[in-house]
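Here the structure comes first, spelled out in structure tokens, and everything after it is commentary.
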Amino acid sequence: MNQQSGPQDPLVLSYLSLRKAVGIIGCALPLVLAFGKMLLQGPGIQGSISCYYYTDMRNVFVGSLCAIGVFLMSCRGYDRKDEIAGYLACVFAIGVAFFPTTPCMRPTSGHDLIGILHLTFAALLFLTLAYFSLALFTKTNPDKKPTPRKLHRNKVYRGCGYTILGCIFLMGVVALPPVKTLVERLTPVFWLESAAIVAFGFSWLTKGETILKDEET
């Protein structure tokens, strides 16, 4: 007799663990990079998350993005759009990792070109992560009525998605020359990128049912 997959099905548990792993990496990455650099090289916050590529935390930065990319590619949803979003997010995450941001000191024309690719991959990655939270995670199995916890999780997903979009908008604002001159010493891009990455991580922790898990019946 065939049995339906339930909450304790090994396949279900593996997908939940995968989502939790993505969430943990996302939430921890900004802190690990910042404090790791301080421990290894001394105090100071880099201008952006991507600038940690040029510190002793390079391997952590690249490895974390590659892990997130592979995890996103491995996750499956309700339809083909979910898979396409996962594949694209994987490409964008690995692109961010292997096409580093333009270095602050003595960049060459080659560095500038790679930096443009980096910014493109980063923008597309953040937009795709927002799409996950706003459009994909809020879906409900059409054969099931959403539980109260699912409705609460949808609020979390939307909050995380809009946080990511808000951070993208503000990063564009602080990049404007008049604004950049005023706020650059506060490293606003680092804090905005950190907020967006943590929002992404929190969304995936929720998707992995670490937060607001459905009550077993």
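The values are calculated or read from the model by the stated rules, or taken from the named source; none is laboratory data. Note that this is a predicted model, so its numbers are computed, not measured. A quick note on method: Cβ atoms are made from the backbone with ideal geometry, for glycine too, and the neighbour counts reach across all protein chains shown. Areas reflect the complete protein model, heavy atoms only, side chains present, ligands, DNA and RNA absent. Shrake-Rupley method; radii C 1.70, N 1.55, O 1.52, S 1.80 Å.
Looking only at residues in segment 12-41 that are of a type in the set (K, R) and modelled with pLDDT under 90, which one is surrounded by the fewest Cβ atoms within 10 Å (Cβ to Cβ)?
K20
Does V183 meet the test of being open to solvent by less than 60 Å² (accessible area, probe 1.4 Å), more than 23 Å from F200 (Cα to Cα) and part of a helix (DSSP H, G or I)?
Judged against the criteria, V183 is a match.
Residue by residue, here is whether (1) modelled with pLDDT under 95; (2) in contact with a helix residue (DSSP H, G or I) (Cβ under 6 Å, 6 or more places away or on another chain); (3) not in a helix (DSSP H, G or I) holds:
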site	(1), (2), (3)
G86	yes, yes, no
R106	yes, no, yes
L113	yes, no, no
L129	yes, yes, no
A135	yes, no, no
D143	yes, no, yes
T163	no, yes, no
G172	yes, no, no
P178	yes, no, no
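Every residue in segment 85-101 that is open to solvent by 60 Å² or more (accessible area, probe 1.4 Å) and in contact (Cβ under 8 Å) with a residue 40 or more places away in the chain, please.
L88
Listed here are the residues, each with its yes/no results for (1) touching a residue at least 40 places away in the same chain (Cβ under 8 Å); (2) surrounded by fewer than 14 Cβ atoms within 10 Å (Cβ to Cβ); (3) of a type outside the set (G, A, S).
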| site | (1), (2), (3) |
| --- | --- |
| T163 | no, no, yes |
| F169 | no, yes, yes |
| L176 | no, yes, yes |
| E193 | yes, no, yes |
| G208 | yes, no, no |
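For segment 44-84, name all the residues that are touching a helix residue (DSSP H, G or I) at 6+ places or on another chain (Cβ under 8 Å), of a type in the set (D, E, K, R) and either assigned to a helix (DSSP H, G or I) or open to solvent by less than 20 Å² (accessible area, probe 1.4 Å) (or both).
R58, K81, D82
Take the residues in segment 118-161 that are touching a Ser or Thr at 6+ places or on another chain (Cβ under 8 Å) and polar (S, T, N, Q), then tell me which one is surrounded by the most Cβ atoms within 10 Å (Cβ to Cβ).
The extreme case among them is S133.
Give all pairs with beta carbons closer than 8 Å in which a residue from segment 125-149 that is farther than 30 Å from F98 by Cβ meets a residue that is polar (S, T, N, Q) and at pLDDT below 80; count only pairs at least 6 apart in sequence or on separate chains.
Every condition considered, the pairs that remain are P146/T140.
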